[in-house]
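Working notes, structure below.
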Amino acid sequence: MTEREQALIAQADDEVAKHEENIKNDPYRLTYHLMSPVGLINDPNGWIQWNGMYHMFYQWNPFKAGHGAKFWGHYTSTDLVNWKHEPIALAPSEWYEKNGCYSGSAVDLDGKLTLFYTGNVKDEQGNRESYQCIAQSEDGITFDKQGPVIDGLPEGYTAHFRDPKVWKHNGMWYLVIGAQTEDLKGHALLYRSGDGREWTNLGPVAGAGIPPLQSFGYMWECPDMFSLGDKDVMIVSPQGLDPEGMHYHNTYQAGYFVGELDYETPKFHHGAFDELDRGFEFYAPQTTEDEKGRRILVGWMGVPDQQEDQHPTVDNGWIHCLTIPRELRLQGDRLIQVPVEELKDMRAGEVEHTAANLQAGSQMLEDVSGDVAELELTDFSDLPSFFEVELRGTARLIYDREGKVLTLERKNFADRLTEKRQCHLEELRSIRIFMDTSSLEIFVNGGEEVFTLRYFPSPQARDITFTSSEKAVVTVKKWGLKG
Ligand code: FRU
């Protein structure tokens, strides 16, 4: 480790120690979601199960609750429920990453846990350079930086060239990487390598202006490519999509295409883009295949430039978190997200109202309240024309049966005005909600639709209220969750 790297890590550790007490007492600190100990967390990185152990790295600015020269923070887990915060994996100490060890992925290369990431470099005029770098570890904890394996930019592209996601296919290494053309179109490029070190650019596989897409954003961040069943899936976070009906109302989007990757041409033959999430805070997700063969996704519960400076936690020196891990499944050409089975181990104390009779109007159910809880609604019979669940006075999920529209409303955390996100929903069959002190993850119809958001209710607020336009019957279960 260089002296500069040691010094940066020591500074970050000091920052953690300095803010520890204050941050611990913040009532909005989450209980079972991954956060940085201080400062800002953004993208999940290097998500992998390696030699049995799950590793989750993350983009981290330890020095302020805002963006800057990113480190890679690091968590490990054996069970996806209990996580240990590990020493910093990467600090932006070298010339090729001095303005941030940006996002990337992890694979096992030569029996070593190997990180591929983007070295972000800016000069005094703000000109950017991007280097795709490698760091390797034998113990999974300390990393040996080996510097750039792809330097310089592909012809016709700007320095917005980042976020390599690496995988192996038929004995060769591949990576997809986010890129921007000189005429400001977002693309995903495919590279190939025999040894993981010498890389050949095969060209763009999908992007704005590449059929079937026309204009589709000025930059594609964090592409991820994998096969699921007999299909290939690309997840990507495009920037620059305009709102369209109920879609694309966040500052930037995160979604997916299903299709088939032709590695030779190369070209990704894909269908339409769909957002992965219908809520307010969800971006830059990354997936990995674990040793059980599950494709597991974790996202960042935040969106760049979306009122980030107005989060109430900024005053306490921290901001954002990651989502719970979700298993991905394909239903036709649609991705379904299901919280990983292991999360059931967090349940403590079950309350069950089997076939509860709801009256027309608003009501609470005995012992169904809380701030850190899992809530499940199933077996609706006679679904009313309007049905609503209100959470802690700050968010409401409303189903309009006639209009077939599902609406999420929340009080904006800056001005407290009500804002909403919506999606079309043919029928409502079930709702499963993971509540944490300041987050909600709402899985509808077994994960066919998901709403992810931060919310900041009064810390004392615990009411969960059900409102129905007519009498209705539904089974409601609630568990406490131990983080
Ligand atoms: C996405 C992103 C990536 C980049 C990283 C920097 O949120 O902008 O494209 O690598 O964050 O922290």
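Okay, here's what the table says:
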item	result
Condition met for residue 427 (over 15 Å from residue 378 (Cα atoms), part of a loop (DSSP other than H, G, I, E, B) and more than 26 Å from the chain's Cα centre (by Cα))	no
Options 420, 478: the member that is among the basic types (Lys, Arg), over 22 Å from the mean Cα position of the chain (by Cα) and either part of a strand (DSSP E or B) or crowded, with 19+ Cβ neighbours inside 10 Å (or both)	478
Lone qualifier among 218, 191 - being of a type in the set (Ser, Thr, Tyr), closer than 28 Å to residue 289 by Cα and buried (at least 17 other Cβ atoms within 10 Å of the Cβ)	191
Subset tally (residues that are surrounded by 13 or more Cβ atoms within 10 Å (Cβ to Cβ), in a strand (DSSP E or B) and more than 21 Å from the chain's Cα centre (by Cα)) for the stretch 350-378	11
Filter pass, residue 307 being within 16 Å of the ligand (Cβ to nearest atom), more than 16 Å from the chain's Cα centre (by Cα) and open to solvent by 40 Å² or more (accessible area, probe 1.4 Å)	yes
In the stretch 46-76, the residues that are in a loop (DSSP other than H, G, I, E, B) and either in contact with a helix residue (DSSP H, G or I) (Cβ under 6 Å, 6 or more places away or on another chain) or within 14 Å of the ligand (Cβ to nearest atom) (or both)	62, 63, 64, 65, 66, 67, 68, 69, 70
Options 147, 194, 152, 178: the member that is within 27 Å of residue 2 (Cα to Cα) and out of contact with any helix residue (DSSP H, G or I) (no Cβ under 8 Å at 6 or more places or on another chain)	152
Exclusive hit being at pLDDT 95 or above, within 16 Å of the ligand (Cβ to nearest atom) and of a type outside the set (Gly, Ala, Ser), set 43, 26	43
Qualifying residue in the stretch 360-374 (condition: free of Cβ contacts under 8 Å to residues at least 24 places away in the same chain and over 17 Å from residue 466 (Cα atoms))	no
Residue match in the stretch 97-108 (condition: hydrophobic (A, V, I, L, M, F, W, C), under 22 Å from residue 179 (Cα atoms) and over 17 Å from the mean Cα position of the chain (by Cα))	yes
Residue check for residue 347: open to solvent by 50 Å² or more (accessible area, probe 1.4 Å), among the basic types (Lys, Arg) and over 15 Å from residue 433 (Cα atoms)	no
Residue identified as within 17 Å of the chain's Cα centre (by Cα) and at pLDDT 95 or above among 329, 334	329
Residues satisfying the stated conditions in the stretch 291-304, i.e. open to solvent by less than 10 Å² (accessible area, probe 1.4 Å) and more than 10 Å from the ligand (Cβ to nearest atom)	296, 297, 298, 299, 301
Any hit, the stretch 216-223, residues being more than 16 Å from the ligand (Cβ to nearest atom), more than 15 Å from residue 266 (Cβ to Cβ) and touching a Gly at 6+ places or on another chain (Cβ under 7 Å)	yes
Checking residue 387 against (1) open to solvent by 10 Å² or more (accessible area, probe 1.4 Å); (2) within 23 Å of residue 419 (Cα to Cα); (3) of a type in the set (Phe, Trp, Tyr), the condition it does not meet	(1)
Elements of type strands (runs of 3 or more DSSP E) contained in the stretch 77-142, each with 1 or more residues being open to solvent by less than 10 Å² (accessible area, probe 1.4 Å), away from the ligand (no atom under 16 Å from the Cβ) and small (Gly, Ala, Ser)	128-137
Failed item, numbered, when residue 336 is tested on (1) touching a Leu at 6+ places or on another chain (Cβ under 8 Å); (2) within 21 Å of residue 454 (Cα to Cα)	(2)
Candidates 323, 288 - the one that is within 16 Å of the ligand (Cβ to nearest atom), of a type in the set (Ser, Thr, Tyr) and crowded, with 22+ Cβ neighbours inside 10 Å	323
Flag if residue 258 is open to solvent by less than 30 Å² (accessible area, probe 1.4 Å), of a type in the set (A, V, I, L, M, F, W, C) and away from the ligand (no atom under 16 Å from the Cβ)	yes
Selected residue (criterion: nearest to the ligand (Cβ to nearest atom)) from residues of the stretch 144-187 that are of a type in the set (Gly, Ala, Ser) and out of contact with any Gly (no Cβ under 6 Å at 6 or more places or on another chain)	178
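A quick yes/no check of all residues on (1) touching a residue at least 60 places away in the same chain (Cβ under 8 Å); (2) on the phi < 0 side of the Ramachandran plot; (3) hydrophobic (A, V, I, L, M, F, W, C):
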| site | (1), (2), (3) |
| --- | --- |
| 416 | no, no, no |
| 420 | no, yes, no |
| 427 | no, yes, no |
| 436 | yes, yes, no |
| 444 | no, yes, yes |
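Residues are listed down the side, and each one gets a yes or a no for (1) under 19 Å from the mean Cα position of the chain (by Cα); (2) buried (at least 23 other Cβ atoms within 10 Å of the Cβ); (3) on the phi > 0 side of the Ramachandran plot; (4) of a type in the set (A, V, I, L, M):
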{"position": "198", "(1), (2), (3), (4)": "no, no, no, no"}
{"position": "205", "(1), (2), (3), (4)": "no, yes, no, yes"}
{"position": "235", "(1), (2), (3), (4)": "yes, yes, no, yes"}
{"position": "239", "(1), (2), (3), (4)": "yes, no, no, no"}
{"position": "250", "(1), (2), (3), (4)": "yes, no, no, no"}
{"position": "272", "(1), (2), (3), (4)": "no, no, no, yes"}
{"position": "275", "(1), (2), (3), (4)": "yes, no, no, no"}
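The values are calculated or read from the model by the stated rules, or taken from the named source; none is laboratory data. What you see is a predicted model; the values in this text were computed from it and never measured. Quick reminder, even Gly has a Cβ in these numbers, built from the backbone with ideal geometry, and neighbours come from all protein chains shown. With ligands, DNA and RNA removed, areas are computed over all heavy atoms of the protein, side chains included. Shrake-Rupley method; radii C 1.70, N 1.55, O 1.52, S 1.80 Å.
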